[in-house]
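Okay, here's the structure, questions in a sec.
The values are calculated or read from the model by the stated rules, or taken from the named source; none is laboratory data. This structure is a prediction, so every number in the text was calculated from the model and none was measured. Note that we place each Cβ from the backbone using ideal geometry, even for glycine, and neighbour counts take in every protein chain shown. The accessibility values were calculated without ligands, DNA or RNA, using every heavy atom of the protein model including side chains. Shrake-Rupley method; radii C 1.70, N 1.55, O 1.52, S 1.80 Å.
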Number of protein chains: 4
Amino acid sequence: MRTHVHRLGMRDPSDVSELAALIRAGALDPAGIVAVLGKTEGNGLVNDYTRGYLTQSLKLLLGKHGDKPLYIFSGGTEGVVSPHYAVFSVSAGNEKRPQGAKSLAIGCAVTRELKPEEIGTRAQVNLIRAAVEKAMQEARLAPDEVSLVQVKGGCDPAAKDPNRSMAFSRVAGAFGVGLALGEIADFSESDFFGNLNVYSPRASVSSGIEIMMNEVMVLGNSAAWSGPLRIASRPMRDALDLDAVLATLADLKIRRTEKDLKRVRAAIVKGEPDASGKVRGHRHTMLTDGDINAQRHIRGALGGLVAGVLGDGRIFVSGGAEHQGPPGGGLIALICEIGSDPDLIS
Amino acid sequence: MRTHVHRLGMRDPSDVSELAALIRAGALDPAGIVAVLGKTEGNGLVNDYTRGYLTQSLKLLLGKHGDKPLYIFSGGTEGVVSPHYAVFSVSAGNEKRPQGAKSLAIGCAVTRELKPEEIGTRAQVNLIRAAVEKAMQEARLAPDEVSLVQVKGGCDPAAKDPNRSMAFSRVAGAFGVGLALGEIADFSESDFFGNLNVYSPRASVSSGIEIMMNEVMVLGNSAAWSGPLRIASRPMRDALDLDAVLATLADLKIRRTEKDLKRVRAAIVKGEPDASGKVRGHRHTMLTDGDINAQRHIRGALGGLVAGVLGDGRIFVSGGAEHQGPPGGGLIALICEIGSDPDLIS
Amino acid sequence: MRTHVHRLGMRDPSDVSELAALIRAGALDPAGIVAVLGKTEGNGLVNDYTRGYLTQSLKLLLGKHGDKPLYIFSGGTEGVVSPHYAVFSVSAGNEKRPQGAKSLAIGCAVTRELKPEEIGTRAQVNLIRAAVEKAMQEARLAPDEVSLVQVKGGCDPAAKDPNRSMAFSRVAGAFGVGLALGEIADFSESDFFGNLNVYSPRASVSSGIEIMMNEVMVLGNSAAWSGPLRIASRPMRDALDLDAVLATLADLKIRRTEKDLKRVRAAIVKGEPDASGKVRGHRHTMLTDGDINAQRHIRGALGGLVAGVLGDGRIFVSGGAEHQGPPGGGLIALICEIGSDPDLIS
Amino acid sequence: MRTHVHRLGMRDPSDVSELAALIRAGALDPAGIVAVLGKTEGNGLVNDYTRGYLTQSLKLLLGKHGDKPLYIFSGGTEGVVSPHYAVFSVSAGNEKRPQGAKSLAIGCAVTRELKPEEIGTRAQVNLIRAAVEKAMQEARLAPDEVSLVQVKGGCDPAAKDPNRSMAFSRVAGAFGVGLALGEIADFSESDFFGNLNVYSPRASVSSGIEIMMNEVMVLGNSAAWSGPLRIASRPMRDALDLDAVLATLADLKIRRTEKDLKRVRAAIVKGEPDASGKVRGHRHTMLTDGDINAQRHIRGALGGLVAGVLGDGRIFVSGGAEHQGPPGGGLIALICEIGSDPDLIS
């Protein structure tokens, strides 16, 4: 099997013309699409309808192929972040690979619908854990081969405080991933928000009022897959962790030259405003600003940093990193093309 | 003469306790303060009163010394940017310096009050040019020794469109600086906003409704000054210009180690949302967002980038970079301590 | 002919279930739908995609009948304003009417697509004037029988300042309506924004980047139409003009009792923040607020006032009332059911 | 004794020139000022510094008289609400009054500073209850003569969720008032937010991070006071309760004529977004809007309604009406001049 990633732009959330052109040109088989991961230009909060609008527009375009993919959209293109979506598709892959070479592998799974009272409980954790395990099996990835698990968690739109429900759903997702990957051995529900040192550095979880099931996409590198793509990920210790970004580039043997940076095919960043109210000892105002939500602040800052390093604003950057990476931090994952360069294939 | 820079934090715009403590401890002579440059936590737009509140609070603290300094505050601490202010003071300096060694020099000047109809005209340009020349003389800096000219331009609060008046005032400031530094040979008023390739890469101009005069602070390195501080500046070609930030660090012989970065004493960044609607070919949404002003977007992105490099959110980052640095770009200036390390003093 | 108005709610901009239920129950013939007028819960500014999302959702529901209606949506449900849409449909109407009784008449028309350089010019004015005349003819309404002309004007999304392009398009719409209704005798383009005392008190114009043609809906009362609905409208002199709201109710013989107010079937309000910066002598802050756009402020205030009078938040309230009603003011139109009460039919 | 109310405007939160002029002209004795109640043009949320800025500016003006008054400021002048402040002062009053005539009485009191852990507990309730009783005694008002108790509650700025701390402080204030006025007989802490049918229809409570004590101002009508002012108040059942506004006017024998409305000297309104997500059966979006805080929404709507009735935007309108008036509603209080008209004095 072989994974393809096409990163496409849009004029607005109804504009799927770039994908239409690819399909028309035969460059992408719509039947092979397994997931679409994107940033839309809403506020990324409860009343952000750009996610649903893009989903509806894509489904209209894809017709009978439209119900299969996972649609994982994060709203909020603050600062230099550019609205875009990455289409993940798979095809049979049978080209010869050097002994031991690993390529990007992908697996997806979906849980049953949650009952509202299950949001943010052990029940949701267990469902997500099982879905991650199923997706790993599909991707033929061992836990230590996984670089990133992207989860979209269900959420109760009728909750008294939908933002709180969304946060609890993210936490359940992080614990589900951590259990499946063996990063978290055991937990109690009181750890949720309570013990922030329990976390998965490979979980990236968003939640939304538009779904009641949980969707899981697992990415890693596997010798069972072929193709020119590879992924690497690193935890970020805080919102200033330039070193983590540079190290992830180095993991993929990408230098910061214009030519090398063109090999980057997707960038996924998760972070959060430090709950202490300070970043490296200096006060930030993200959590007390009544005009701009803290999630918009942190996405703008992280997007500015990572886009500056990559020279490209097409970053899937998402806030709400509770139990995903270290407290006040998060993670970064990069997918790049290694092509046939023997040095890169290693 | 010798320049001192103290960078101080605050709990809110009324909190000047850190400066009070320094004065009380005898570490800073209030009579020597010539300028205060700071970021306050408002929105940085017309109705941002945190700038005035901090000014009033500082004047209350400084008493009879309070009317002398320039107060140059930019609102908006988006993302990881930390509310802070840098106090610039001068004292007699007579320590021995190696032959040819240059230290941070500072000069300040103020123009007369503008008439409302002078905002954004050749008249304002000429006033600012003359003030820059006066400040250079005070600082004993030749035009090519100047690293940064910070201008606070007057603005007509009764203008039909105060944001437009503020923008015109910034443009007049940029042209005034460019003329004084010899970067701009000649101009016509139709160049304002019309010919964005005419710019000063060393001008950083803000404007505000609270003043009708123009205030000018010139910074550079001069052999006529002593002390352990030095400044460097670079234009930024766009909001992703990590290379410019790294190069400015290199100009000051600062490596990106925790120890070296502690030598940074002030960071000044100017930028703007690219008017083309794209950054390096990818659409941004800063100019069409009805919820968050474009200036807040760009400050958050630039702040995220530069704070990531420096490991410190105390960045004086300001939007509205018309004719200040390349179109869609801006500039960065860093002040650092070189101490007595012979390698650094060079 | 006979006009029907169904006012429907929604959970979000994709929710057209109430209309689906009406159609399924046979209570509304989708083939008769001529216009949908609604408030969606975006910000009502350039990057408000809730309008397009609802349009897409309605077209999906209506299938082959989906291309015919005008879709006139205004974003922004500030304060107590409730997301909703009013479906205007027509059917053959032949019931007996008392001599001289008039009923709600409706006519719609569309202009050709504009070239970008035509926005806000005499050319657009003339196109809209012709469309209003055509719609009046369709509705068999004389100019003095018209109560309201709702226009959706085209706009150039690639304009340097899209908000300005939207404003110019609104102005062209107002002049087109004024000419067609005989309220404006002549004009020059310099009157646009320049001579605010030239206005149509019956024009309600919005504009949007999603269309390049202009859409026109004319409403009035005509003896040539039948049915239980009637419309009345009044200019509002400013945003505090409670008297205009009460007088419009009185025009329709509606008292402010719970029973009577149930007869209201649609409410359309247009207004703007007074450009003088004051309302009845007291400063307002709508035009200088950098956090909330002035249009959102004025919609919230007008919505609060009119909803308080009607006891119902389903108000189509829209900002941007340049040359629509008096400067700083706007207009109100109410559609109500008069049923068969002889006192009301008169 | 006699109460005076001067309602003054400002250009910005530093502008106290109108009060300065009054004092200079001898029209107002600064020694008599007991409270200042005002609306400033910030966001009214945690990071609103316009309240503190105006307080600092007034104290600077009042000098030695500046520490005595209560400063009760609410941020947020959404829509047509005008920035202003009402200065309450007292003087000896000895003019003859008709038998039984009552005039506006005022009493103020302050509690000790709270410990952070006391916020939102029975301890805070009891402190506020005692302060209300003390202020009533000072005002010589019996509980049934009280029209309004305005409370400014302390709040823990270091709380994990300052907005929550502010809400709990408001609730404690409402219960303290209700107990002092005999409206609430008994309570348990589980009633806080839990039993919204326990409320005081005469309590208007705000809270702020700037103080740790609680401030109380009691207003009512008393035969022991003289002067031309009188107060009336009514609960509002929801944000559309025009009838309550009209009834309060009627209580004061004010008709809605331009001449009569000039007699209004202060308007105080409290309300909240209905927690059910609906107002009179129709969905509102105040609680799910990620761009504009719900408090800003509700102030804009209530301000629009009440300003429309009074023809004047100088409304002290404040959100956060938990246990102050009915759930989803709030209250309105008006102070007016009755002069010497025997009909009005009654």
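Using a 7 Å offset from Cα along the direction of the beta-carbon, what are the separations from residue C:93 to the same position in each other copy, nm, ascending?
Distances to the matching label points in the other copies: 5.9, 6.6, 8.5 nm.
Among A:102/A:134; A:262/B:259; A:59/C:68, which pairs are too far apart, with a Cα-Cα distance over 26 Å?
Long pairs (Cα-Cα over 26 Å): A:262/B:259.
Same structure again: Could you give, in nm with one decimal, how far residue C:250 is from each other copy of that position, shortest first, with labels 7 Å out from Cα toward Cβ?
Spelled out, the distances from residue C:250's label point are 1.8, 7.9, 8.1 nm.
Something else now. Give me the percent of the accessible area of chain D that comes from carbon and sulfur atoms, probe 1.4 Å, all protein chains in place.
50
Say R0 is 25 Å: what FRET efficiency, to the nearest 0.05, do residue A:189 and residue A:158 get from their beta-carbon distance?
0.70
If you don't mind, there's one more thing I want to ask. If you take every DSSP beta bridge whose two residues both sit in segment C:1-133, what share of them, in percent to the nearest 5, is antiparallel?
70
Return the value, in Å² to the nearest 100, of accessible area buried between chains C and D (probe 1.4 Å, both sides summed).
Protein heavy atoms only, the C-D interface buries about 3000 Å².
For segment A:186-297, rounded, prolate or oblate, judged on the Cα gyration tensor with a ≥ b ≥ c (square roots of eigenvalues), a/c < 1.5 rounded, else prolate if a/b > b/c?
Oblate.
Rounded, prolate or oblate: which one fits chain C, using the alpha carbon gyration tensor with axes a ≥ b ≥ c (rounded when a/c is under 1.5, else prolate when a/b beats b/c, else oblate)?
It is rounded, given that a/c, with a ≥ b ≥ c, falls under 1.5.
Over all alpha-carbon pairs in the protein assembly as shown, figure out the percentage whose distance exceeds 49 Å.
For the protein assembly as shown, the share of Cα pairs beyond 49 Å comes to 36 percent.
Next question, about the same structure. Threshold 50 Å², probe 1.4 Å: give the residues of segment D:234-253, in number order, that are less accessible with all protein chains present than with their chain alone.
D:240, D:242
Applying 1/(1 + (r/R0)^6) with R0 = 35 Å to the Cβ-Cβ distance of residue B:67 and residue D:24, what FRET efficiency is obtained, to the nearest 0.05?
Between residue B:67 and residue D:24 the formula returns 0.90.
I've got another one for you. Within segment D:83-151, which GluC sites (Glu not before Pro) sit in a loop by DSSP and count at most 14 neighbouring Cβ atoms inside 10 Å?
Loop-located and lightly packed - D:95, D:113.
Quick one: among B:156, B:191, B:48, which has the greatest mean-square fluctuation in a GNM of chain B with alpha-carbon springs under 10 angstrom?
Result for chain B, Cα springs under 10 Å: B:191 fluctuates most.
Let me ask you something else. Mind jotting down the distance between the C-alpha centroids of segment B:61-75 and segment A:29-76, whole Å?
So the separation of the two Cα centres works out to 52 Å.
Residue by residue, what Karplus-based ³J(HN,Hα) values in Hz, rounded to whole numbers, does segment A:81-93 have, using 6.51, -1.76 and 1.60 with θ = phi - 60° and x for Gly and Pro?
Result, ordered by residue: 5, 9, x, 6, 9, 10, 9, 9, 9, 10, 9, 5, x Hz.
Then there's this: Going by amide H atoms built from the backbone, whose H comes under 5 Å of the H on residue B:105, apart from near neighbours?
B:220, B:221, B:222
Could you pull out the chymotrypsin sites (Phe, Trp or Tyr not before Pro) across segment A:186-255 that fall in loop regions by DSSP (anything but H, G, I, E, B) with no more than 16 other Cβ atoms inside 10 Å?
Answer in residue order: A:187, A:193.
Restricting to DSSP loop positions (anything but H, G, I, E, B) with no more than 16 other Cβ atoms inside 10 Å of their own Cβ, which trypsin sites (Lys or Arg not before Pro) remain in segment A:259-346?
A:262
Counting only heavy atoms of the protein chains, get the accessible area per residue of segment D:1-133 (1.4 Å probe) and round it to a whole Å² value.
37
Also, I was wondering about something else. Take chain B, connect every pair of alpha-carbon atoms lying under 10 Å apart with a spring to form a Gaussian network, then pick out the residue of B:301, B:239, B:31 with the largest mean-square fluctuation.
The residue with the greatest mean-square fluctuation here is B:31.
Then there is this: With every protein chain present, what is the per residue accessible area of segment B:260-311 (1.4 Å probe, Å²)?
In whole numbers, segment B:260-311 has 26 Å² accessible per residue.
Hey, another quick one. Got the residue D:190 label distances to the other copies yet, label 7 Å along Cα→Cβ, in nm, shortest first?
Output for residue D:190: 2.1, 7.6, 7.9 nm, nearest copy listed first.
Let me ask something additional. Where the centroid of each part is defined by its Cα atoms, how far is segment D:186-223 from segment C:198-221 in Å?
48
Once phi is turned into θ = phi - 60°, what whole-Hz ³J(HN,Hα) does the Karplus curve with 6.51, -1.76 and 1.60 give for every residue of segment D:284-294, x standing for Gly and Pro?
Working through the residues one at a time gives 10, 10, 4, 7, 10, 7, x, 9, 10, 4, 4 Hz.
Could you compute the net charge surrounding residue D:38? Neighbours are other residues with a C-beta less than 10 Å from the C-beta of residue D:38; K and R count +1, D and E count -1.
Result for the neighbourhood of residue D:38: +4.
Taking amide H positions as placed in the peptide plane 1.01 Å from N, state which residues far from residue C:44 in sequence (5 or more) or on other chains have amide H under 5 Å from it.
C:75, C:76
List the residues of segment D:64-103 for which accessible area in the full set of protein chains is at least 20 Å² lower than for the chain on its own; 1.4 Å probe, protein heavy atoms only.
Residues shielded by partner chains are D:77, D:79, D:80, D:82, D:83.
So, one more: Please list 3J(HN,Hα) in residue order for segment C:55-72, calculated via the Karplus relation 6.51 cos²θ - 1.76 cosθ + 1.60 where θ = phi - 60°; whole Hz, with x for glycine and proline.
3J(HN,Hα) across segment C:55-72, in whole Hz: 4, 4, 5, 5, 5, 4, 5, 7, x, 5, 8, x, 8, 6, x, 7, 10, 10.
What is the calculated FRET efficiency for residue A:255 to residue C:31, with r their C-beta to C-beta distance and R₀ = 41 Å, to the nearest 0.05?
So, using R0 = 41 Å, E works out to roughly 0.05.
Out of residues 5 or more away from residue B:266 or on other chains, whose amide H comes under 5 Å of its own, with H placed 1.01 Å from N in the peptide plane?
Amide H to amide H, under 5 Å and 5 or more residues apart or across chains, residue B:266 pairs with B:335.
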